[in-house]
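Taking it in order: structure first as structure tokens, then the write-up.
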Amino acid sequence: MIKAKLFALLGLVVTTTIAGATDGPKPKKPVAKAPVDYVNPNIGNISHMLVPTYPTTHLPNSMMRVFPVRNDYTTNYIGGLPLIVTHHRSESEFNFYPYQGSESGIYPKLNLSYDQEKVTPYRYQVYLDEFNIGVDFAPSHQSAVYKISFDKQGSAYLVFNTGKGHIEAKANTISGYRELGNKTRVYVYAVTDLTPAKTGVPTNGGINWNAAPSNSLALQYPAGTKKIGIRYGVSFISVEQAKKNLEREVKDFNVDAVAATGRKIWNDALGKIAVSGAVDKETTVFYTSLYRTYERPINISEDGKYFSASDGQVHNDGGKAFYTDDWLWDTYRAAHPLRVLINKSVENNILNSYILMAQQTGENWLPTFPGVSGDDRGMNSNHGIASIADAWNKGLRGFDLAKAYEVSKGAIEGKSLIPWSHAVPAGELDKFYKDKGYFPALKPGEEETVKQVSKWEKRQPIAVTLGTSFDEWCLSQIAAGLGKTDEANHYLKASYNYRNVYNPKTGFFHPKDSEGNFIEPLDYRTSGGPGARDYYDENNGYIYRWDVQHNIGDLVKMVGGNKAFVDALENMFNEPYPMARWSFYNILPDHTGNVGMFSMANEPSFHIPYLYNYAGAPWRTQKRIRSLLDQWYRNDLMGVPGDEDGGGMTAFVAFSQLGFYPVTPGSPTYNIGSPCFPCMKMDLGNGKFFEIKATNASFNNKYIQSAKLNGKVWNKPWFNHSDIANGGVLELVMGPVANKAWGAGSPPPSAAPMPQQ
């Protein structure tokens, strides 16, 4: 009886609650999200192995970049508040921290406990919980504004520091510089909305109020101070130019206004590609990936001038913005081709900048890793050549092709092919490559005699041979564009040099010694020492087996035809670790994101899932690319499988989610994959749009059943840039079961046949 009454009472409560809900105010309709609202800068902030992503607040391709100064998301403290980050690691060139309390707690640098952190591309907010201080930040292009809110009683302080540099204050202005090396400095000019009561130099537990200015600075504000505004500009030219940048961009201390402007700029940039019809997590991954592609390179033109570390001089930019800070070994694959589609003027100016850098050095060698303080000459090969060929063959004309050819040729003929070679002209190993058609490996136990070879980076002979073969194919494309037929044929022939290191017995690219013998013994999974650099680079022989981006058709024949090629791909995805996982990663820490011996975490892998298109099995590309996206790119703190590398990885994600990918930069073609969105619309500029309408596309409906391109039935797993350059529509009907016949008989194009002598 009691239970019956209790249930009746509960039923009455439930009924009353439901009735009340229907009689009360209706739920508000969710506010529609703008593209920037989908961006989650914390995706990938915990690394699987090496470098995490950083939650960067900045405007697209702008000098002003900041992110929390910490190792990764799990760190309990941030090392101050950054004014500008010019490098890609967890550091900043100028730091400051706000403080309230006893002077004995002040040091030149201080770790800050924090909470309530909120990061968007256009605003950063955090609460320093031990000090009870609120921080609000918003950037412009070359300037920014902070609002600091103090909750305690007593005097307020701001403590600034820089490393190898100088900083000083006069009244309510702060200025200084930081040495970056190679005759390069970054300058800052800041204004606070309050004038400090006094200034000094922080010590290890106090302030010296009588010390001369140095590389750190402490400012004391009156007791009762509750808010301090800081607006500041940065420059690579001078303090005076930093002041001009500030006065041009941020005229007051209104963080809300600067953030609102930044939000609009980001929505305009991200809105160049509109996607719809998928779940929020896929849309979040897409727009976050697209946001990452705008972090580099950066526009360093300041009022029509720029400082170039290539010659240590300030130049007029001639009306073309000057760009630097790019990791071309990573970004040529997808980030540059993406800009060719949606930011043509920016891509033109970037390539023009790299041509100028090569000329300014006096060496006429195209840069490989152009940075703020000069070319790092990172990695192997010279893939800026590919970006030039790709842009030209897709119709960009904002740079001088003849000058581009000169510096591209210099990167192959004048500069050494030795990996990470800084200002090293071509030498004996380069002569060997030109004479024999491959870069020689050392025999087991043989000591290095070429002094320019790095003890850590080694020769990387397969990576160099294959990468240079591709670069020479790209160079042949540029020569052809200039009507240099003989040179085009010469470099086209050289582009077949990959054949010289192919081992027909194993079907792998295999290092050879200087006498032409294959190195034995060799395990394609683990041989080559740290990062496999004795033979490959960062990846093992299973990855470099497919590193012939320009001539996959020839590779299919070499492996033994379509079936053998598909079987070899499947074997890679199913080959297990040959040892304990930790032992494998001790050798190959860049080789994370594994599916068998495939590594989703490193750039030479990105085109591999699309290679089924070349061997009569496009349905396998559709299946594989979707599974890789689902497994390794997620809306969470470990949602990026490896180093993001300045937009190199995230551009691959963006392309792949859209449903197509530039397997061969330099070729005006795209491979079709499997779109994640039922609707995609890309703004190509000048009122032209490329659309993909993927009917029924969903997590399960990943297979193409049929297709039309610009209204015509389409049975090819690829299309030309010319098909969409003036606008176009790709219509796909998607389903849960593969149509294995679709596209099977029309592989994408590969390099032209080798010219005969």
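For the range 299-324, which positions are part of a loop (DSSP other than H, G, I, E, B) and within 16 Å of residue 358 (Cβ to Cβ)?
Scanning the range 299-324 gives 309, 310, 311, 312, 320, 322.
Residues to consider are 368, 331, 324; find the one that is touching a Gly at 6+ places or on another chain (Cβ under 8 Å), over 20 Å from residue 467 (Cα atoms), surrounded by 24 or more Cβ atoms within 10 Å (Cβ to Cβ) and of a type in the set (Ser, Thr, Tyr).
Among 368, 331, 324, only 324 is touching a Gly at 6+ places or on another chain (Cβ under 8 Å), over 20 Å from residue 467 (Cα atoms), surrounded by 24 or more Cβ atoms within 10 Å (Cβ to Cβ) and of a type in the set (Ser, Thr, Tyr).
Any idea which of 666, 743 is touching a residue at least 12 places away in the same chain (Cβ under 8 Å), farther than 24 Å from residue 347 by Cβ and outside any strand (DSSP E or B)?
Testing whether each residue is touching a residue at least 12 places away in the same chain (Cβ under 8 Å), farther than 24 Å from residue 347 by Cβ and outside any strand (DSSP E or B) leaves just 743.
Going by what's in this entry, would residue 131 be described as assigned to a strand (DSSP E or B) and touching a strand residue (DSSP E or B) at 6+ places or on another chain (Cβ under 8 Å)?
No, not satisfied.
Step by step: first the residues of the range 475-510, then only those that are touching a helix residue (DSSP H, G or I) at 6+ places or on another chain (Cβ under 7 Å) and more than 27 Å from residue 536 (Cβ to Cβ), then the one that is surrounded by the fewest Cβ atoms within 10 Å (Cβ to Cβ). Which residue is that?
482
Residue 143: touching a helix residue (DSSP H, G or I) at 6+ places or on another chain (Cβ under 7 Å) and in contact (Cβ under 8 Å) with a residue 24 or more places away in the chain, yes or no?
Answer is yes for this residue.
Looking only at residues that are among the hydroxyl-bearing types (Ser, Thr, Tyr) and over 15 Å from residue 585 (Cα atoms) in the range 525-541, which one is surrounded by the most Cβ atoms within 10 Å (Cβ to Cβ)?
536
Could you list, ordered by first residue, the pairs with Cβ atoms under 6 Å in which the first is in the range 251-263 and within 8 Å of residue 122 (Cα to Cα) and the second is in a loop (DSSP other than H, G, I, E, B), at least 6 apart or interchain?
Cβ pairs passing all conditions: 259/122; 262/59; 262/122; 263/122.
Return the only residue of 377, 296 being at pLDDT below 95 and under 22 Å from the mean Cα position of the chain (by Cα).
Of the residues listed, the single one that is at pLDDT below 95 and under 22 Å from the mean Cα position of the chain (by Cα) is 377.
Among the residues of the range 637-682, how many are closer than 18 Å to residue 276 by Cβ and either of a type in the set (S, T, N, Q) or in contact with a strand residue (DSSP E or B) (Cβ under 6 Å, 6 or more places away or on another chain) (or both)?
Total satisfying the criteria: 14.
The values are calculated or read from the model by the stated rules, or taken from the named source; none is laboratory data. This one's a predicted model, so the numbers in the text were calculated from it and none came from an experiment. Cβ sites come from the backbone with ideal geometry, for glycine too, and all protein chains shown count toward neighbours.
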